[in-house]
Amino acid sequence: MTEELATVISISDKQVTLTSQIKSTCSGCSQVDSCANGQVSKALPKQQMKVTLNLPTTSSLKVGDSVILGIPEGDLLTSAGQVYLLPLLGLIGASAAGQWLIDLKVINHEFLSFLIGITGGYLGYVFAKYLQKTHKYAEKLEPKILRVIVNPRG
């Protein structure tokens, strides 16, 4: 389970809005002071992520409480695989098909083969985007509140 610390910033009706700091992967590296990526991550302002979730029915959350959010790692890896691999496979497959059509002399210009490849990559992107928006996947990727860390000043 991939976990992230977030803070409750508002509660309304049956929804809770949370904010979390977006962390750079460079912060944990021992070479952060001598690496160009580390210097860039230091120079950029800290960014925050806001997410609004349905409030659990048995929740006693208050503004200022900290919570641990979680997303199952397997679902996250499946989603990443779809987003990265489907456009790449579409590009490679369609490019191979375009080259095959040139070899068969069905098309007579490499630019058409190039367009076929780009179209395959785009179709892979559209298919990956469709899969990410289907209710089955979107529900799995929605963060869940795993535990509450009550604000001591509360």
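The values are calculated or read from the model by the stated rules, or taken from the named source; none is laboratory data. As the structure is a prediction and not an experimental result, all values here were calculated from the model. All Cβ positions, glycine included, derive from the backbone under ideal geometry; neighbour counts span all protein chains shown.
What residue, of Thr52, Thr134, Thr78, is among the β-branched types (Val, Ile, Thr) and in contact with a strand residue (DSSP E or B) (Cβ under 9 Å, 6 or more places away or on another chain)? When all the criteria are applied, what remains is Thr52. Run down Gly98, Gly70, Gly81, Gly93 and say which single residue is under 16 Å from Glu142 (Cβ atoms) and among the small types (Gly, Ala, Ser). Just a single option satisfies the conditions, and that option is Gly70. From Ile145, Ile102, grab the single residue that is at negative phi, surrounded by 13 or more Cβ atoms within 10 Å (Cβ to Cβ) and touching a helix residue (DSSP H, G or I) at 6+ places or on another chain (Cβ under 8 Å). From the options Ile145, Ile102, the qualifying one is Ile102. What residue, of Ser20, Ser30, Ser41, is farther than 28 Å from Arg147 by Cβ and either at pLDDT 65 or above or among the aliphatic types (A, V, I, L, M) (or both)? That would be Ser30, the only listed residue that is farther than 28 Å from Arg147 by Cβ and either at pLDDT 65 or above or among the aliphatic types (A, V, I, L, M) (or both). Scanning the stretch 46-97 for residues that are of a type in the set (A, V, I, L, M) and modelled with pLDDT of 95 or more yields a count of 9. Screening Asp65 on (1) surrounded by fewer than 16 Cβ atoms within 10 Å (Cβ to Cβ); (2) more than 16 Å from the chain's Cα centre (by Cα); (3) under 30 Å from Ala6 (Cβ atoms); (4) not aliphatic (A, V, I, L, M) shows it passes everything except condition (1). Output yes when any residue across the stretch 117-131 is part of a loop (DSSP other than H, G, I, E, B) and loosely packed, with under 13 Cβ neighbours inside 10 Å, and no when none is. No, the stretch 117-131 contains no residue that is part of a loop (DSSP other than H, G, I, E, B) and loosely packed, with under 13 Cβ neighbours inside 10 Å. Only one of the numbered conditions (1) at pLDDT 95 or above; (2) more than 25 Å from Met1 (Cα to Cα); (3) of a type outside the set (Lys, Arg) is not met by Ile102, and that is (1).
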